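The values are calculated or read from the model by the stated rules, or taken from the named source; none is laboratory data. On a predicted model such as this, the values are computed, not experimentally measured, just so you know. All Cβ positions, even for glycine, are placed from backbone atoms using ideal geometry, and neighbour counts span all protein chains on display. All accessible areas refer to the heavy atoms of the entire protein, side chains included, with ligands and DNA or RNA removed. Shrake-Rupley method; radii C 1.70, N 1.55, O 1.52, S 1.80 Å.
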Amino acid sequence: MSRVQWLEVERGANVAAVAPNISKGVPLEQPRGGERCVESDRAGASIDDGSEDSETRAGCSCSVLALVVVLSLIIGLSVGITNRNNEVAPPPTTATAHPNTKIYDDALELLETTPLQMKQVPTGEVLSFREYNVGQPHTLVVLPGFMADDSMTAILAALPQFRDHHIIAVNPRGWHGSTMNSEITSHEGLADEVMDLLSEMNIQKAMAMGLSTGGGIALQLALKYPNTIAAAFLVHSIPLSGLKYLMIGNELVVLKTVEEIRGSTILPKYDPDSLYDLFKSMSANPERYIAKDHGLNEYFAKAALNMPGSKDVSVANASFNVVPIKTPFASPSEALSTLKSKVVVIHGSEDTIVPWQIVEPLTKLAIAEQWAPPGTLSLYDDGLGHMAPIDSPALLADVYRKALEEQVLESNPI
């Protein structure tokens, strides 16, 4: 049985019924595709309270709708159905501005006015980073995803949900803006260097957030340095057992050997135009994706085209594993059993790049089987796709705040 097939079997089990600390995020808007946003009880088991209600309400509302239409015709109300000559009128025009335009503009201004800092760590590597909202009470270290850098974090820094956060957006070794004098062999080594950076900055207490690939680094920070890292948020992150494939365009490439990962055909060359098309194709909400002519895309392209550690990081993604399951690239691990900090997995049912169908059952299984100590691991579904920090940043931030308050601040104010 293949790895994916095994996960699908596990997904079929009613793990949610016995798994504590499983929650659904509640975005303020309905996610693309009509997902229902299901609230959870505080004990953690998901509560599905309306799977058929919408159909019932739709059926019951037909007669009401008909009555409203008839009445509006009789009394001559202008409701966009008829005009004075009883002709079909066009629907009312609405503003067509992109919903995130102001956020993008604010993020671009932040990038252009916030200096990129550099610090050398004991390994000899030089890590680059940007700081936002220095002096705020909650320090959050943000680690970027594959072919990204600190520029994406500027979108989060521009949101009101993060105004009380001192954000440190770090580019680890091998990412754009930082050096890579030695090969990358694991997320653990990258986490050690990020911790060295925090020590150089005299950061005593912080949380970590990892986006996609950065989730592996954030988790290692929480595992190894619980006295400093109070919580880690894995946002659309690689699974707890690592990432065994790459998306090349619309094709899913399953990885079998390290040599294949390092092969030139796995990571083809891109230009800025093809990169934009690639990133937009990864979005679950293409209509919400940033416009092609926006200045942020220049930063995104530089990050993607100048990542010297791309192949090493791909190997590290495949060999990552913190659960007691053997994978083609890693032995079983008991790492989660040592967890002391809170770890919150924020993922989305619309994510097809790191599929929810893999992340959800594995995380729920880890909770149900208590691979991590009870109360330390939780799962939130934001209902979004892999590019959520770009196409749905406010919705993602709402789920983050919900998880922060429920899982971290109530038990461990920082």
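Scanning the range 144-179 for residues that are in a loop (DSSP other than H, G, I, E, B), among the small types (Gly, Ala, Ser) and under 18 Å from residue 309 (Cα atoms) gives 145, 148, 174, 177, 178.
So, in the range 397-414, exactly how many residues are within 15 Å of the chain's Cα centre (by Cα) and open to solvent by 10 Å² or more (accessible area, probe 1.4 Å)?
Step one: of the range 397-414, the residues within 15 Å of the chain's Cα centre (by Cα) are 397-404.
Now narrow it down to the ones that are open to solvent by 10 Å² or more (accessible area, probe 1.4 Å): 398, 401-402.
So the answer is 3.
Residues considered: 140, 116. Of these, the only one that is under 24 Å from residue 401 (Cα atoms) and modelled with pLDDT of 95 or more is 140. Cβ-Cβ distances below 7 Å connect the following pairs, each with a first residue in the range 297-309 that is within 7 Å of residue 147 (Cα to Cα), a second residue that is modelled with pLDDT under 95, and a separation of six or more residues or different chains: 303/147; 304/147; 304/270; 304/275; 307/147. In the range 200-211, the residues that are assigned to a helix (DSSP H, G or I) reach residues that are surrounded by fewer than 21 Cβ atoms within 10 Å (Cβ to Cβ) with C-beta atoms within less than 6 angstrom, at least six apart or across chains, in these pairs: 200/119.
Mind listing whichever residues of the range 288-331 are among the small types (Gly, Ala, Ser) and in contact with a strand residue (DSSP E or B) (Cβ under 9 Å, 6 or more places away or on another chain)?
We begin by selecting, within the range 288-331, every residue among the small types (Gly, Ala, Ser); these are 291, 295, 301, 303-304, 309-310, 314, 316, 318-319, 330-331.
If the condition is that a residue be among the small types (Gly, Ala, Ser) and in contact with a strand residue (DSSP E or B) (Cβ under 9 Å, 6 or more places away or on another chain), then 303, 314, 318, 319 are the ones that fit.
Number of residues in the range 161-196 that are out of contact with any Pro (no Cβ under 9 Å at 6 or more places or on another chain) and aliphatic (A, V, I, L, M): the value is 3. Go through the range 121-143 and report how many residues are in contact (Cβ under 8 Å) with a residue 40 or more places away in the chain and either in a helix (DSSP H, G or I) or among the polar types (S, T, N, Q) (or both). Adding up the residues that qualify gives 3. Residue-level check: of (1) surrounded by 16 or more Cβ atoms within 10 Å (Cβ to Cβ); (2) part of a loop (DSSP other than H, G, I, E, B), residue 182 misses just (1). Among the residues of the range 131-148, those that are aliphatic (A, V, I, L, M) and closer than 21 Å to residue 220 by Cβ comprise 140, 141, 142, 143, 147, 148. Within the range 279-292, if we keep just the residues that are open to solvent by 20 Å² or more (accessible area, probe 1.4 Å) and among the aliphatic types (A, V, I, L, M), the residue that is modelled with the lowest pLDDT turns out to be 282. Return yes or no: is residue 269 outside any loop (DSSP other than H, G, I, E, B), under 20 Å from residue 148 (Cα atoms), open to solvent by 60 Å² or more (accessible area, probe 1.4 Å) and at pLDDT below 90? Judged against the criteria, residue 269 is not a match. Residue 308 meets all of the listed conditions (1) in contact with a His (Cβ under 9 Å, 6 or more places away or on another chain); (2) open to solvent by less than 10 Å² (accessible area, probe 1.4 Å) but one, namely (2). Filtering the range 100-128 down to residues that are of a type in the set (D, E, K, R) and open to solvent by 30 Å² or more (accessible area, probe 1.4 Å), which residue is nearest to residue 180 (Cα to Cα)? Among those residues, the one meeting the criterion is 119.
Selection over the range 362-385 of residues that are within 30 Å of residue 332 (Cβ to Cβ) and open to solvent by less than 20 Å² (accessible area, probe 1.4 Å) gives a count of 13.
Looking across the range 235-253, just one residue is modelled with pLDDT of 90 or more and either aromatic (Phe, Trp, Tyr) or outside any loop (DSSP other than H, G, I, E, B) (or both), and that is 235.
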